[in-house]
Amino acid sequence: MAFEKISVPSAKECFFESIKAKILSGELRPGEKLPSERELAESTGINKSAIHLAIKDLERTGFLSIVPRHGTYVADYVTSGNYDTLHELLRSGESYLTRQRTVALVETRNAIEGGALIRLANSHTEDDIRVLEEHVERFRASRGKGLSDVRLGEMTKDFHYLICKLSGNEVFILIMNSFAEISRGLWRHCAGHWGLEGLIEQSEHIVELIRSGRGLDAQVYITDKFNEFVRDCGIVF
């Protein structure tokens, strides 16, 4: 019998994730000073070398600030962060999502897909419309099958990501792909809120707006739908 290799996080990775989680949860706040590396090593049981490397990584990713001869402080990652910070936030998955961050995610998503809708409406081909209609038909074919919110959420995500792909702007789809893991819960909640019939109605309307070249109207439509979702649901992740 063959067994798969098990990957165990290193001590450095465990410490990195622990500090990051404390910062994201608000347990550690901007400006708060961390104990010395020696004290952290003693309290966590992790060797000082691993602590040092993890702190350097936390500084690189925007979560900590190292002030020579003064110590290590929690950074305000929102204002001082960078691409690496965003990567770590997206990698955190649903554990990162508070209501405020969900709103920020929805606003970012709306901006990206809104641009894709305008672009696609202005330059779509018959094949583009056919591909979109095939996806709408998958929604219709799901009637009576009792699909879970998770599955409907995946189908909804695929439909909206398809719009970005068909727009021809590769940056749109790359950004949307970057948000895939962290937005999984968002799509699941959307599907549960709208239900299958609501998803069918929305996808049909979006395709019709694209077909008729009304990209701006489609942008306003999805923005209104997602804003209503955030306002009405009182989402708790």
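The values are calculated or read from the model by the stated rules, or taken from the named source; none is laboratory data. Only a predicted model underlies this, so the values are computations on that prediction, with no experimental measurement involved. Because the Cβ atoms are built from the backbone with ideal geometry, glycine has one as well, and the counts that use them run over all protein chains shown.
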request  = Kindly indicate whether R143 is exposed (fewer than 13 other Cβ atoms within 10 Å of the Cβ), farther than 21 Å from S92 by Cβ and of a type in the set (K, R).
outcome  = yes
note = Taking segment 119-145 and the residues there that are of a type in the set (G, A, S) and without any contact (Cβ under 8 Å) to a residue 24 or more places away in the chain, the one that is farthest from D224 (Cα to Cα) would be G144
Residues of segment 33-45 satisfying the condition of being without any contact (Cβ under 8 Å) to a residue 40 or more places away in the chain and either under 14 Å from A11 (Cβ atoms) or not basic (K, R) (or both) = P35, S36, E37, E39, L40, A41, E42, S43, T44, G45
message = Which condition from (1) under 23 Å from L216 (Cα atoms); (2) surrounded by fewer than 16 Cβ atoms within 10 Å (Cβ to Cβ); (3) touching a residue at least 40 places away in the same chain (Cβ under 8 Å); (4) charged (D, E, K, R) is the one that E181 breaks?
response = (1)
query = Take the residues of segment 153-178 that are β-branched (V, I, T) and crowded, with 20+ Cβ neighbours inside 10 Å: which is farthest from A111 (Cα to Cα)?
reply = T156
ask   = Just to be sure, is I118 assigned by TED's automatic domain parsing to the domain that holds F159, within 30 Å of V207 (Cβ to Cβ), of a type outside the set (D, E, K, R) and out of contact with any Leu (no Cβ under 8 Å at 6 or more places or on another chain)?
value = no
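Could you tell me whether T102 is crowded, with 18+ Cβ neighbours inside 10 Å and assigned by TED's automatic domain parsing to the domain that holds F159?
yes
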query = Among the residues of segment 46-56, is any touching a strand residue (DSSP E or B) at 6+ places or on another chain (Cβ under 7 Å) and touching a residue at least 12 places away in the same chain (Cβ under 8 Å)?
reply = yes
request  = For segment 30-96, please list each of the helices (runs of 4 or more DSSP H) lying entirely inside it that holds at least 2 residues being more than 27 Å from the chain's Cα centre (by Cα).
outcome  = 37-44, 48-60
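Of everything in segment 103-118, what is touching a residue at least 24 places away in the same chain (Cβ under 8 Å) and hydrophobic (A, V, I, L, M, F, W, C)? Give them in sequence order.
V103, L105, V106, I112, A116, L117, I118
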message = Of all residues being without any contact (Cβ under 8 Å) to a residue 60 or more places away in the chain and at positive phi in segment 57-99, which is surrounded by the fewest Cβ atoms within 10 Å (Cβ to Cβ)? Just the residue, please.
response = R69
request  = Output the number of residues of segment 100-141 satisfying the condition of being farther than 21 Å from A218 by Cβ and modelled with pLDDT of 95 or more.
outcome  = 1
